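These notes concern the structure reproduced below.
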Amino acid sequence: MAGKSLQEIDIRSKYNISVIAIVNGTDIIVSPSPAQIIHKEDLLVVIGDRESLARFSNIE
């Protein structure tokens with residue numbers, strides 16, 4: 001995912017979850033735009049049902 005935008009990754013339609021924030025060190029981006037680029041160090045804060053979250057957590 002690193003180096004790609006949220007739009008490119010298309011998490012919402014592929015995994016049925018939503019990214020509500022991105023944390024990188026002390027920086028927090030709330031309600032990131034689809035153009036937001038994901039960096040290797042980023043922590044994605046997501047919401048969704050348990051099954052969708054479990055499926056997303058198992059990707060490499």
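No lab work stands behind these numbers, since they all come straight from the coordinates. All figures in this text were calculated on a predicted structure; none of them were measured in a lab. All Cβ positions, even for glycine, are placed from backbone atoms using ideal geometry, and neighbour counts span all protein chains on display.
For the stretch 17-50, give me each residue that is of a type outside the set (A, V, I, L, M, F, W, C), surrounded by 11 or more Cβ atoms within 10 Å (Cβ to Cβ) and over 18 Å from residue 3 (Cβ atoms).
18, 48
Does any residue in the stretch 5-31 that is closer than 21 Å to residue 50 by Cβ and free of Cβ contacts under 8 Å to residues at least 12 places away in the same chain come within less than 9 Å, Cβ to Cβ, of a residue that is part of a strand (DSSP E or B) and of a type outside the set (Gly, Ala, Ser) six or more places away or on a different chain, and which pairs are these?
Filtered contacts from the stretch 5-31: 12/19.
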